[in-house]
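Participant: Below is the structure I would like to discuss, written out as structure tokens.
Each reported figure results from applying straightforward, stated rules to the coordinates on display, with no laboratory input. Bear in mind the structure is a predicted one, so any value in this text is a computation, not a measurement. Every residue, glycine as well, gets a Cβ built from its backbone with ideal geometry; the counts of neighbours run over all protein chains shown.
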Amino acid sequence: MPRSTPAHAAPWEVAGYIEVLVAEMRWMAHSAALDSLAYFLEMARLEAAIQAQRPTRRCPDHSR
């Protein structure tokens, strides 16, 4: 996926992209001994992974 996601990207694509970015940030935080920050970034990565695996749901605002 490109460094910037297009506005028309599916939610699971955006979540997958966020998962990759947050994993990189978590590695950086861990390498700098920022353990609490690394922990919270890992939680964000896990949530992004869960969202990336969810089936796409249509929101009322995006049904057009």
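Participant: Where does each of 38-49, 7-18 land if you order them by average Cβ count within 10 Å, highest first?
Facilitator: The most tightly packed comes first, giving 38-49, 7-18.
Participant: 7 Å from Cα along Cα→Cβ at both His8 and Glu24: what's the point-to-point distance in nm?
Facilitator: 2.5
Participant: Using θ = phi - 60° and the Karplus relation 6.51 cos²θ - 1.76 cosθ + 1.60, list the HN-Hα couplings for segment 18-27 in order, rounded to whole Hz, with x at every Gly or Pro.
Facilitator: Once θ is set to phi - 60°, the couplings for segment 18-27 become 4, 4, 5, 4, 5, 4, 5, 5, 4, 4 Hz.
Participant: Further, regarding this structure: Test of understanding: what is the full-extension gain from Ala49 to Ser36, defined as 0.36 nm times their sequence separation minus their Cα-Cα distance?
Facilitator: Details: separation 13, 0.36 × 13 = 4.68 nm, distance 2.00 nm.
Additional length available on full extension: 2.7 nm.
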